[in-house]
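I have placed the structure first, in the form of structure tokens, so that the comments after it can refer back to it.
Please treat every number below as a calculation from the coordinates, not as lab data. The shown structure was predicted, so the numbers you read here are calculated from the model rather than taken from an experiment. Ideal geometry is used to build each Cβ from the backbone, glycine not excepted, and the neighbour counts take in all protein chains shown.
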Amino acid sequence: MRLVILGPNGSGKGTQAKLLKDELAIAHISTGELLRAAVAAGTPLGREAEQMVESGGLVPDDLVLKMLDERLAEADASRGFILDGYPRTLAQARALDTLLTRTGRMLDRVVELEVSDTVILERCAARFAIEHRRDDDPEVVRSRLALYRTNIAPIVEYYRPRGLVATIEGTGEVDDILARILATVPK
Ligand code: AMP
């Protein structure tokens, strides 16, 4: 099973991706987590990406793609994966197709988690008040949300003609959202 999950910061995308990993016994690949780990470890990639990760801007495509290529080649990803945080641009969606085709793989489903801007801003503000995560700062959330909305539409339209897109209402109980997603995943 090869899935992509799309949704802005605060949509519950990471939570659902982790649950899907366990439910479907596939690898959870979060490019944000991989990048944060690289920054924390001070690898050459981490040093190059650090400023963009901190500011909430996009890390250059070639860096992210190389990192993803290496991660997809790891053993656990051969059973399937859920990609969380990638693709973020149309160019990345195309690059992913090229990468998967090269290794004889195809996507099975693209899950789009739909949550309104108002709810996203409320959730992130609540989390910021407790955790003080820099990327939950209201200013950062607003700019990331605008970037997401601009970039996501062409990605969804890229996948839609292939019948890959499932748009899921992302508000309500975590388990209910998971059940909605699982109902759209090919058996
Ligand atoms: P995330 O945890 O998915 O919100 O990602 C955290 C940060 O990592 C983002 O704000 C970007 O700076 C960077 N990042 C994650 N995934 C990508 C990607 N696919 N392309 C470019 N930058 C990314």
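Checking each residue in the stretch 54-80 for being within 7 Å of the ligand (Cβ to nearest atom) and either basic (Lys, Arg) or crowded, with 19+ Cβ neighbours inside 10 Å (or both) picks out Val59, Val64.
Report yes if Leu24 is more than 7 Å from the ligand (Cβ to nearest atom), under 11 Å from the mean Cα position of the chain (by Cα) and within 30 Å of Glu173 (Cα to Cα), otherwise no. Against the criterion (more than 7 Å from the ligand (Cβ to nearest atom), under 11 Å from the mean Cα position of the chain (by Cα) and within 30 Å of Glu173 (Cα to Cα)), Leu24 does not qualify. Every condition in (1) within 12 Å of the ligand (Cβ to nearest atom); (2) assigned to a helix (DSSP H, G or I); (3) under 25 Å from Thr184 (Cα atoms) holds for Tyr86 except the one numbered (2).
The condition of being surrounded by fewer than 17 Cβ atoms within 10 Å (Cβ to Cβ) and in contact (Cβ under 8 Å) with a residue 12 or more places away in the chain holds for only one of Leu99, Leu45, Leu83, Leu107, that being Leu99. Search the stretch 134-182 for residues being of a type in the set (S, T, N, Q) and part of a helix (DSSP H, G or I), and hand back the single one that is nearest to Glu54 (Cα to Cα). Result: Ser143. A Cβ distance below 7 Å, combined with a sequence gap of six or more or placement on separate chains, defines the contacts here; from the stretch 55-76, residues that are within 15 Å of Pro44 (Cα to Cα) reach residues that are of a type in the set (Asp, Glu) and within 13 Å of the ligand (Cβ to nearest atom) in the pairs Leu63/Glu48.
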